[in-house]
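All remarks here apply to the structure that follows.
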Amino acid sequence: MSSPSWQDLASERKRKQDDLIPPEWRIPLPSDDVLDVTPIPRTSGLLTGRELDITETTDVNLILSKLADGIWSAVEVTKAFYKRAIIAHQLTNCLTEIFIERALERARQLDEFLKANGRTIGPLHGLPISLKDQFCMKGLETIMGYVSWVGNVSDHDSAIVEILYELGAVPFARTNVPQTLMWGETFNNVFGRTTNPFNRKLTPGGSSGGEGALVALRGSPLGIGTDIGGSVRIPAGFTGIYSLRPCYGRLPYEGAANVLEGQEAITSAIGPMASHISALKTFTKAVLDAKPWNKDPLVLRKPWSELEYALTEHGGRGAQLCFAVMLDNGLVRPQPPVRRAMSMLTKALEEAGHKVIDWENKLHLELHATSEHIFGADGGEDYRTVCSISGEPLIQTMMPHVGEQDPHHPWDPHPTFLDEPFTMTLRNAGKGAISAYELWKLHKKKAEIRKQYLDHWENTKNRTATGRPVDAILCPVAPYAAPPHGHNSNDFYTVIWNFLDYACTAFPVTKVDPSLDHPETPPDSFYNQEDEAVFKLYDPEVFFNAPVGLQLVGRTQEEEAVVAMTELAVSALETWKRVHRQS
């Protein structure tokens with residue numbers, strides 16, 4: 001008897017997933033001309049008034065308070081978010097693993113504990129938390145976008161899942177990723193394509209795009225993603241939510257599935273994604289208070305610091321801060337909506353009494369070329385090896401194919417203006433698979449660049465007038481808002497910080513507005529082919545309703561201060577919007 005084809009394996013696994021959706025939780029699907037599906041969870045009629053109150057409470061601290069006080073039970077909160085997650089999945093195809101009864105049973109145990117003991121199990125008691133399809137959970141498959149991993153049932157919980165249980169949380173769903181993870185979009189041959197809830201013709205980003213879509217639709221109060229080149233920040237920016245990319249070794253990755261395992265020059269980090277900024281501190285502090293270094297040998301023994309959160313190294317709370325603005329990284333110019341978002345944030349911070357100066361770019365082309373050569377040092381052997389097990393082809397593009405039926409992208413693909421992404425130009429200029437010695441030389445070059453960038457940051461002390469170097473850098477998440485599927489070919493604004501290992505956040509600022517974001521006159525010359533393609537791609541109607549997010553970047557191992565400065569920036573922005581009546 002012959003083995004099933006990879007196509008049969010994929011289609012059967014997708015069918016099994018669909019069978020797990022309760023019939024009573026199914027909703028009529030919107031027509032193809034309905035692009036913004038964010039109102040549908042509220043108008044679908046599936047959620048009760050109380051369930052709407054629960055799922056539209058975005059501040060996780062308020063949810064946790066009501067759970068701890070017994071105002072809401074863990075069961076009803078979990079059920080409410082699961083129902084909304086299933087709605088989100090039907091609208092955007094954001095989930096992979098669905099395990100409703102398992103999650104509800106966990107919630108029942110938490111309710112019984114609270115009733116019997118009069119206290120919570122831990123600081124995240126009863127909070128449903130979704131996880132990217134990398135975090136192994138005992139008894140569940142971890143497919144991670146590979147047909148070869150269908151049926152790959154985990155025999156263990158990853159370290160972060162163990163900690164979530166200890167903290168009282170309810171891991172309740174797993175979310176979609178691209179094949180290989182190394183894409184800024186979300187599509188694979190098993191579960192298909194995830195779409196952006198604000199405009200389904202646009203990508204939610206990647207590789208944590210399933211989390212981005214789910215959280216944006218309020219189908220999860222808090223999700224956990226991973227980031228090796230922008231994978232929690234790009235989806236956050238594209239779906240209008242918040243995320244934190246911590247530094248190497250700050251939060252536990254042990255026991256999670258991954259690609260490029262053994263590549264330790266630019267490593268992946270796990271980070272929270274949420275609709276409210278409060279979740280960034282709440283999650284990170286709770287995990288660090290659990291001493292994750294006792295479960296993961298690569299986690300630094302660095303507890304959460306309230307002194308750092310109080311900005312003691314930045315003049316303290318209430319001090320004037322100095323932010324440096326990187327509007328243009330010298331490789332790809334931002335489109336008009338991103339430029340407007342940067343202007344809004346700059347004005348907001350200045351009106352709040354802070355100083356803003358320009359960031360002077362340094363070594364960006366050399367930095368990105370080095371990062372691409374490191375990522376490509378095996379010549380793609382890691383990806384090909386996994387794909388070869390099932391015979392599944394290695395996906396070469398996120399672009400929807402003309403003539404191929406895609407239930408999650410029934411529209412014609414948007415035309416491309418780019419033959420080869422500049423990332424691939426840089427990678428192809430390397431040698432492909434290289435020797436250990438050649439890789440060591442790249443590691444040495446990376447260390448040299450990091451030192452030069454550190455000195456460059458320190459030298460800003462001469463321009464800040466605060467007596468300190470700049471406190472943080474502000475920059476785009478990408479040169480565009482969420483682009484059409486297949487067009488997110490640029491990670492230069494995010495991967496730079498992975499390379500340098502700087503803590504950073506992404507946060508929402510505005511949405512594309514055709515009345516404000518007019519196409520601009522082309523420059524006299526373009527930096528490269530991608531800069532030109534990004535310019536030609538912009539059309540305010542194509543980017544209809546797309547969220548625009550930005551980044552705040554701090555120093556290495558400075559997560560507490562970065563979260564605090566992001567809270568400060570967001571507060572200044574909200575005040576500025578109220579005063580100037582802008583959104």
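The values are calculated or read from the model by the stated rules, or taken from the named source; none is laboratory data. Keep in mind that this is a model prediction, so the values were computed, not measured. So basically every Cβ, Gly included, is an ideal-geometry build from the backbone, and we count neighbours across all protein chains shown. These area figures cover heavy atoms from the full protein model, side chains too; ligands, DNA and RNA do not enter into them. Shrake-Rupley method; radii C 1.70, N 1.55, O 1.52, S 1.80 Å.
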Which value, to two decimals, describes the C-alpha radius of gyration of segment 1-58 once divided by 2.2 N^0.38 Å?
1.67
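Over the chain, what percent of the accessible surface lies on carbon and sulfur atoms, probe 1.4 Å?
For the chain, the apolar C and S fraction of the accessible surface comes to 52 percent.
Taking segment 330-388 on its own, what percent of its Cα-Cα pair distances exceed 13 Å?
That tail contains 76 percent of the Cα-Cα pairs.
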Distance (nanometres) between label positions extended 7 Å along Cα→Cβ at R581 and K362:
4.5 nm
State the volume of the convex hull built on the alpha-carbon positions of segment 1-125, expressed per residue in Å³ and rounded to an integer.
154 Å³
Could you give the nm distance between label points at R301 and L327, where each point is 7 Å from its Cα heading toward the beta carbon?
4.8 nm
In the chain, if the dipole is taken from +1 on Lys/Arg beta carbons and -1 on Asp/Glu beta carbons about the Cα centre, which of I143, T312, H401 is farthest to the positive end?
T312
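By per-residue mean of other Cβ atoms within 10 Å, what is the highest-first order of 220-232, 537-549, 188-200?
Ranking the peptides 220-232, 537-549, 188-200 by packing returns 220-232, 188-200, 537-549.
Would you work out if segment 438-583 is rounded, prolate or oblate? Take a ≥ b ≥ c from the square roots of the eigenvalues of the alpha-carbon gyration tensor; rounded if a/c is under 1.5, else prolate when a/b is larger than b/c, oblate otherwise.
oblate
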Placing one identical point scatterer on every Cα of segment 505-583 and ignoring solvent, what is log10 I(q)/I(0) from the Debye formula at q = 0.14, 0.19, 0.20 Å⁻¹?
-0.70, -0.96, -0.99
Rolling a 1.4 Å sphere over the protein heavy atoms, what is the accessible area per residue of segment 97-215, to the nearest Å²?
26 Å²
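Using the per-residue mean of other Cβ atoms lying within 10 Å as a proxy for protection, in what order, highest first, do the peptides 125-133, 362-370 fall?
125-133, 362-370
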Could you list log10 I(q)/I(0) for the chain at q = 0.06 Å⁻¹, which the Debye formula gives when each Cα is one point scatterer?
-0.27
Per-residue [θ]222 nm for the chain (sum of -39500 (n - 2.57) over DSSP H runs n ≥ 4, rounded to 500):
-11500 deg cm²/dmol
Taking Cα pairs closer than 8 Å and at least 6 residues apart, the relative contact order of the chain in percent is 16 percent
Unit charges at the beta carbon, dipole of the chain: most positive-side option, T92, A341, G192:
A341
Electrostatic dipole magnitude of segment 108-218 [Cβ: Lys, Arg +1; Asp, Glu -1; Cα centre; debye, to 20]:
440 debye
Give, in whole angstrom and from largest to smallest, the semi-axes √(5λ) of the equivalent ellipsoid of segment 262-380, with λ running over the eigenvalues of the Cα gyration tensor.
29, 27, 14
About the Cα centre of segment 11-61, how large is the charge dipole given +1 on each Lys and Arg Cβ and -1 on each Asp and Glu Cβ? Please answer in debye to the nearest 20.
280 debye
How large is the charge dipole for segment 390-522, taken about the Cα centre, if only the Cβ atoms of Lys, Arg (+1) and Asp, Glu (-1) carry charge, to the nearest 20 debye?
960 debye
For segment 300-440, with every protein chain kept in place, what is the accessible area per residue (1.4 Å probe, Å²)?
51 Å²
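Between D539 and Q320, what FRET efficiency comes out of the Förster formula 1/(1 + (r/R0)^6) with R0 = 35 Å and r the beta carbon distance, rounded to 0.05?
0.30
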Quick one: Debye curve from the alpha-carbon atoms of segment 435-487 only, equal weights, vacuum; give me log10 I(q)/I(0) at q = 0.15, 0.17, 0.28 Å⁻¹ to two decimals.
-0.73, -0.78, -1.01
What Rg and what Dmax come out for segment 163-301 when only alpha-carbon atoms are used, in angstroms?
14.5, 44
Cα gyration tensor shape for segment 404-468, rounded if a/c is under 1.5, else prolate or oblate:
oblate
Rounded to the nearest 10 Å², the 1.4 Å probe accessible area of Y253 is 40 Å²
Taking the alpha-carbon centroid of each part, what is the distance from segment 101-123 to segment 239-304 in angstrom?
25 Å
Straight-line reach from K138: which lysines have a Cα under 20 Å away, not including same-chain ones fewer than 8 places off?
K16, K295
How far, in nm, would the chain grow between Y437 and Q109 when pulled straight, counting 0.36 nm per residue and subtracting the alpha carbon separation?
112.7 nm
For K347 and I395, compute 0.36 nm times the residue count separating them, minus their Cα-Cα distance, and round to one decimal in nm.
13.0 nm
Give me the three principal axis extents of segment 350-498 from the C-alpha atoms, as integers in angstrom, largest value leading.
59, 46, 24
The chain: antiparallel DSSP beta bridges as a percent of all, rounded to 5:
65 percent
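Which of rounded, prolate or oblate describes segment 147-229 when judged by the alpha-carbon gyration tensor and an a/c cut-off of 1.5?
It comes out oblate by the Cα gyration axes.
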Residues of type lysines that K302 reaches as a straight line, Cα spacing below 16 Å, ignoring anything fewer than 8 places off in the same chain
K281, K285, K291
